[in-house]
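One structure below.
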Amino acid sequence: MHVALTLFLLLQLKTSQERPNPATLIVSGRCILYDIRVGGNLTVNCPGVDPRALRRLNAELDRKNLQLAEKIQEANQWADKYHELERRLAESGDDSALSKQAGEYIHQGEFERAGAILDAILKKEEKQVDRTAANHCNRGLTFELQFQPLQALPHFLEAYKYRPTDFSYALAYGTLLVKQNAYADAQPVLESALRISRKQAKSNPAAYLGVARTLNNLADLYSNTQRLKEAEVAYQEALQIRRELAKSNPAVYQPDVASTLNNLANLYNKTHRLKEAEAAYQEALQSYRELAKSNPAAFKLDVAIVLNNLGELYSSTQRLKEAEGDLQEAVHIHRELAKSNPAAFQSGLAITLNNRAGIYRDTQRLKEAEADYHEALHSYRELAKSNPTAFQPDVAMTLNNLAGLYSKTLRLKEAEADFHEALHSYRELAKSNPTAFQPYVAGTLNNLAGLYKKTRQMKEAEVAYQEALQIRRELAKSNPAAFQPYVAETLRGLASLFSDTQRLKEAEANFQEALNTYRELAESNPTAYQLDVAHTLNDLAFLYSNTQRLKEAEASYQEALQICRELAKSNPAAYQSYL
């Protein structure tokens with residue numbers, strides 16, 4: 001699981017350390033307040049929302065058993081929808097008495113009764129297109145206030161079908177489709193919303209807010225479907241708009257600038273454009289540090305998140321001192337936040353500990369690495385007791401990391417036990433959500449196969465590699481850009497196993513397929529995959545050498561050497577060792 005992407009999900013979390021008395025901690029977000037009283041009871045307060053509706057919101061949030069970061073995100077989105085529905089009902093031109101009654105039920109938190117009134121209005125006005133579209137949108141918002149997105153979806157669809165040129169309907173429908181991972185359906189809707197908002201912005205500059213928001217949603221969609229060039233273009237334009245808005249109102253829009261920079265940096269990191277990623281992370285970090293000077297409670301966590309992302313970037317480019325410095329500061333911030341509210345911030349601390357452990361591992365400080373992994377694992381196990389859906393994947397991820405460390409230090413029984421526990425967790429998670437967790441099943445199988453190979457359990461290794469390969473081939477059929485690199489990785493592992501067991505024809509076939517795959521990937525992204533081409537050439541050359549095909553061996557070694565020389569010219573710290 002990519003830690004930087006996991007961290008990005010926490011970006012909306014805002015906290016305050018003002019303590020009016022020892023029993024109360026006030027935590028403030030974009031439009032909400034949290035009052036956390038002794039005993040752990042948590043109340044969400046949203047300015048402008050009727051207290052009766054807030055009681056319903058808190059009951060729903062408690063029922064969902066979310067962590068604080070998720071509650072903040074859910075509550076902010078809920079409050080936006082509440083205010084939008086309140087406004088729309090007040091401005092509606094349909095039956096005023098019924099609309100007024102529906103509005104009152106919304107204030108009372110009686111969303112089911114409000115929905116029944118809207119259903120009645122819809123039946124009366126089926127031929128009045130504008131009103132019908134508006135009330136379908138209102139009905140969808142009512143379901144969203146009840147945290148029932150699947151029931152909201154057909155109403156947003158109807159509103160969009162009746163009035164496809166209305167920006168609010170297109171954005172609401174497209175955004176909800178993205179949340180349901182229905183990317184193919186969401187794309188044309190959001191692209192339509194973008195065209196509408198661009199047209200509106202020509203005569204009304206305030207509509208640029210809608211342009212930026214739609215671009216950001218589209219960029220997320222493109223990134224999730226591996227259309228990375230299009231994602232970059234969308235993020236860049238959203239960033240440009242937000243920079244312009246921040247010039248006249250930095251207090252309101254500078255956080256959006258920093259958030260978009262972080263998203264863009266994550267994209268650059270994903271495509272191995274590391275200099276551009278570093279520049280974007282650094283600018284985001286500088287923005288958050290400035291914001292934290294005047295409001296540390298709201299932005300200290302964002303500082304820690306970007307520091308963590310930078311630390312990971314420096315680690316991948318062998319700038320280990322810089323990586324360690326950033327991760328140390330991030331750990332310190334997370335520890336301070338977790339002291340006052342462990343339930344809210346323990347998971348962020350565990351993520352950063354995982355990353356710092358990786359630095360310790362790479363610098364041979366293995367006892368410190370093990371201590372960090374164990375602390376992170378303990379935190380995730382505790383969190384998973386009350387919320388297994390959210391944190392069991394993190395337990396499995398940390399077990400994988402710890403098993404890798406044990407394998408490195410030849411504590412092979414402990415490594416095998418942790419790999420097996422991680423694999424069992426991912427298999428269980430994949431039963432209910434195969435799309436999300438089958439890739440992790442395959443990854444853990446690949447790791448376990450490598451351990452079996454190291455302990456000369458060759459039959460077990462082959463079985464694990466073959467299952468991993470089968471899963472990855474299936475995943476690559478529907479999303480080759482995302483999973484073809486992993487197919488090639490498993491092919492290399494299996495080829496190495498065949499080579500060690502003198503099944504040389506099978507070894508060569510797998511190395512060749514892996515090499516062809518990496519060559520194709522390197523055509524569109526040489527920075528990301530040229531090193532893999534070189535590694536696989538090196539593997540093939542070794543195989544040719546052992547079978548006395550010396551001319552072929554020499555040619556493969558020479559090509560691998562040339563690639564490493566070119567890479568080392570641009571980044572000697574990262575590539576000199578391979579050369």
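The values are calculated or read from the model by the stated rules, or taken from the named source; none is laboratory data. In this text the structure is predicted, and so the values were computed from the model without any measurement. Using ideal geometry, Cβ is built from the backbone for each residue, glycine included, and neighbour counts are taken over all protein chains shown. All accessible areas refer to the heavy atoms of the entire protein, side chains included, with ligands and DNA or RNA removed. Shrake-Rupley method; radii C 1.70, N 1.55, O 1.52, S 1.80 Å.
Gain on full extension, evaluated as 0.36 nm per residue between Ala90 and Lys275 minus their Cα-Cα distance, stands at 61.5 nm. Ranking Phe498, Pro526, Leu543 by how far each Cα lies toward the positive end of the dipole of the chain (charges on Cβ) leaves Pro526 at the top. Look at the alpha carbon pairs under 8 Å that are at least 6 residues apart: their mean separation over the length of the chain gives a relative contact order of 7 percent. Taking 0.692 mPa s as the viscosity and 37 °C as the temperature, the Stokes-Einstein diffusion coefficient of the range 158-197 based on its alpha-carbon Kirkwood radius rounds to 342 µm²/s. Taking 7 Å steps out from each Cα toward its Cβ at Gln470 and Lys229 produces label points 3.7 nm apart. Across His155, His535, His374, the residue with the most accessible area heads the list, and the full order at a 1.4 Å probe is His374, His535, His155. Residue pairs exceeding 21 angstrom between C-alpha atoms, taken from Lys408/Lys453; Lys367/Lys453; Lys179/Lys300; Lys81/Lys293; Lys270/Lys385: Lys367/Lys453; Lys179/Lys300; Lys81/Lys293; Lys270/Lys385. Rounded to the nearest 0.05, what FRET efficiency do Ala555 and Arg243 give with R0 = 45 Å and r taken as the Cβ-Cβ distance? Could you check? Calculated value: 0.35. Taken over the chain, the alpha-carbon convex hull comes to 161 cubic angstrom per residue. Once you sort the root eigenvalues of the Cα gyration tensor of the range 459-549 as a ≥ b ≥ c, which label holds: rounded (a/c under 1.5), prolate (a/b larger than b/c) or oblate (the other case)? Oblate shape, in that a/c is at least 1.5 and b/c is the bigger or equal ratio.
The relative contact order of the range 291-366, computed from alpha carbon pairs under 8 Å that lie at least 6 residues apart in sequence, is 27 percent.
Principal axis extents of the C-alpha atoms in the range 271-430 (largest first, rounded to whole Å): 49, 36, 29.
For Glu368 and Leu410, the difference between the fully extended length at 0.36 nm per residue and the C-alpha to C-alpha distance is 13.5 nm. The orientation-averaged projection of the convex hull spanning the C-alpha atoms of the range 393-439 amounts to 2.9 square nanometres. Taking the convex hull of the alpha carbon positions in the range 475-518 and averaging its projected area over all directions gives 2.8 nm². Using θ = phi - 60° in the Karplus curve 6.51 cos²θ - 1.76 cosθ + 1.60, the 3J(HN,Hα) couplings for the range 421-426 round to 5, 4, 4, 4, 4, 5 Hz; x is entered for Gly and Pro.
Over all Cα atoms in the range 127-170, the spread is summed up by Rg and Dmax: 9.7, 29 Å. Computed over all pairs of different Cα atoms, the Kirkwood value for the hydrodynamic radius of the range 502-579 is 12.8 Å.
Across the options Pro296, Ala234, Ala201, the greatest Cα extent toward the positive end of the charge dipole of the range 178-325 (unit charges at beta carbon of Lys, Arg, Asp, Glu) belongs to Ala201.
Computed over the Cα atoms of the range 209-313, pair by distinct pair, the Kirkwood hydrodynamic radius stands at 13.7 angstrom. Taken along the Cα-to-beta-carbon direction at a fixed 7 Å, the label points for Asp119 and Ser340 span 4.6 nm. Rounded to the nearest 20 debye, the dipole magnitude of the chain is 320 debye, with +1 charges on Lys and Arg beta carbons, -1 on Asp and Glu beta carbons, and the Cα centre as origin. Of the trypsin sites (Lys or Arg not before Pro) in the range 496-563, not one is in a loop by DSSP (not H, G, I, E or B) with at most 13 other beta carbons within 10 Å. Once all protein chains are placed together, Glu460 keeps about 90 Å² accessible to a 1.4 angstrom probe.
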